[in-house]
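To start, the structure itself, in structure tokens.
The values are calculated or read from the model by the stated rules, or taken from the named source; none is laboratory data. Computed from a predicted structure; not experimentally measured. Note that each Cβ is placed from the backbone with ideal geometry, even for glycine, and that neighbours are counted across all protein chains shown.
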Amino acid sequence: MTEPAGKRALITGITGQDGSYLAELLLSKGYEVHGLVRRSSSFNTSRIDHLYVDPHEPDARLFLHYGDLTDGARLVTLLTTIKPAEVYNLAAQSHVRVSFDEPVHTGDTTGMGSMRLLEAVRLSGLDCRFYQASSSEMFGASPPPQDEDTPFYPRSPYGAAKVYSYWATRNYREAYGMFAVNGILFNHESPRRGETFVTRKITRAVARIKAGVQDKLYLGNLDAVRDWGYAPEYVEGMWMMLQSDVADDYVLATGRGFTVREFVEASFSHVGLDWEDHVVFDERYLRPTEVDALIGDAGKAERALGWQAKTHSADLARLMVAADVTAQECEGRPWIDQPLVAGWPSA
Ligand code: NAP
Ligand code: F7E
């Protein structure tokens, strides 16, 4: 393989929300980007199809490889062939509610998967920088505001698996001198957010109710407080962490809390609807243990990296509703058919 003019990066989870934005960002910076893709019986690359160029083309800089975080041997093979300068570990079973239904699978991918990848980096002898997608879910029951020194108290199999990956990453930094960092990211959303996370479930339902193809929206706990930011800004923070002189761990957050109810109100009112006419409580969306309030303090990232969130929850709700309304109207994918990600820092 010839050396690329820019840096070479490997992204696990490239087909997910963050992976797709990170791939765009790195390509815009001249990187050669390699992505790990799970084999699926149907296409699972819709978030990155617009970035794909036939690898036979001389200007192709995005390359996809089949692989899975449960297959450690495959990870070693890929790392030794690709030889990336930066590895971003974004792959995970990332749904908190689902982690109660599939705790062992979640532990195997979201927890052990990171250890397999770290060990693959070590075994391949590569001198590369490693980003671990850690999560505010690790703080769980610890009250806000949460920062890098807040004790972890996970409240789900997902949160527990992320704590394992967090410590595995720190251990490889301390034991082997690896440039390995944890980005402890609070919730971040976008028109590309998976349809079963609460923000997208709400904004998609608003668009469908407005269009007359749905009437009710069934939700669980409306009192939960989250610190919702805008995903394209957060992937820029991931990249900044790997460009730093020192490997360290950073919280990324907006610093402001918003209840699920407030997100619902902001979303429905954006299209002139009264949420109370449509939202119905359904206990199936409650969790055995809930995380009541997450509000992050990203002061360290601002001081050390110059990173700061720009988009806050109310603007995010409006931006996502607008994208879903357009997608509903043209039956298309909001991120491909329309340049709707206003505020995208590198566009
Ligand atoms: P996402 O949209 O759910 O994407 C997850 C990605 O992981 C997808 O590409 C998925 O592939 C892949 N994946 C799942 N299991 C895998 C396996 N066994 N092997 C290989 N790939 C696998 O998640 P996201 O919102 O982009 O989040 C990215 C990362 O940040 C995740 O680790 C998440 O836990 C973490 N995080 C997210 C947030 C947030 O608010 N978004 C906050 C903190 C941390 P398929 O497309 O084939 O399913
Ligand atoms: O829930 C409440 C739910 O599933 C947010 C992941 O990206 O962020 C995400 O995890 C809140 C919870 O995200 C419904 O009980 C009410 O309090 O959108 P969510 P999450 O659990 O915060 C963290 C940082 C991650 O790392 C994760 O990967 O909304 N809620 N009613 C509901 N949630 C859902 N999904 N569906 C409902 O009907």
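Pick from PHE100, PHE197, PHE152: which is aromatic (Phe, Trp, Tyr), touching a Pro at 6+ places or on another chain (Cβ under 8 Å) and touching a residue at least 12 places away in the same chain (Cβ under 8 Å)?
Being aromatic (Phe, Trp, Tyr), touching a Pro at 6+ places or on another chain (Cβ under 8 Å) and touching a residue at least 12 places away in the same chain (Cβ under 8 Å) holds for just one of PHE100, PHE197, PHE152, which is PHE100.
Starting from segment 14-31, keep only residues that are without any contact (Cβ under 8 Å) to a residue 12 or more places away in the chain, then list their pairs with residues that are crowded, with 24+ Cβ neighbours inside 10 Å whose Cβ atoms are within a distance under 7 Å, requiring at least 6 positions of separation or different chains.
No pair meets every condition.
Does any residue of segment 205-223 turn out to be under 18 Å from SER99 (Cβ atoms), within 14 Å of ligand 2 (Cβ to nearest atom) and not in a helix (DSSP H, G or I)?
Taking every residue of segment 205-223 in turn, at least one turns out to be under 18 Å from SER99 (Cβ atoms), within 14 Å of ligand 2 (Cβ to nearest atom) and not in a helix (DSSP H, G or I).
So, in segment 264-294, of the ones that are over 12 Å from LEU217 (Cβ atoms) and in a helix (DSSP H, G or I), which residue ends up nearest to ligand 2 (Cβ to nearest atom)?
In this case the residue turns out to be ARG284.
Would you check if LEU79 is assigned to a helix (DSSP H, G or I), closer than 29 Å to VAL198 by Cα and of a type outside the set (Ser, Thr, Tyr)?
no
Hey, GLN214 hits all of (1) touching a residue at least 24 places away in the same chain (Cβ under 8 Å); (2) over 19 Å from the mean Cα position of the chain (by Cα) but one; which does it fall short on?
Result: GLN214 passes all but (1).
Condition first: more than 10 Å from ligand 1 (Cβ to nearest atom) and surrounded by fewer than 17 Cβ atoms within 10 Å (Cβ to Cβ). Can you find one or more residues in segment 84-96 that meet it?
Looking through segment 84-96, none of the residues is more than 10 Å from ligand 1 (Cβ to nearest atom) and surrounded by fewer than 17 Cβ atoms within 10 Å (Cβ to Cβ).
Against the definition (modelled with pLDDT of 95 or more, away from ligand 1 (no atom under 16 Å from the Cβ), acidic (Asp, Glu) and touching a helix residue (DSSP H, G or I) at 6+ places or on another chain (Cβ under 7 Å)), how does ASP274 come out, yes or no?
Yes, satisfied.
Test ALA161 against the stated conditions and say whether it is over 22 Å from ALA141 (Cα atoms) and either part of a helix (DSSP H, G or I) or away from ligand 2 (no atom under 13 Å from the Cβ) (or both).
In short, no.
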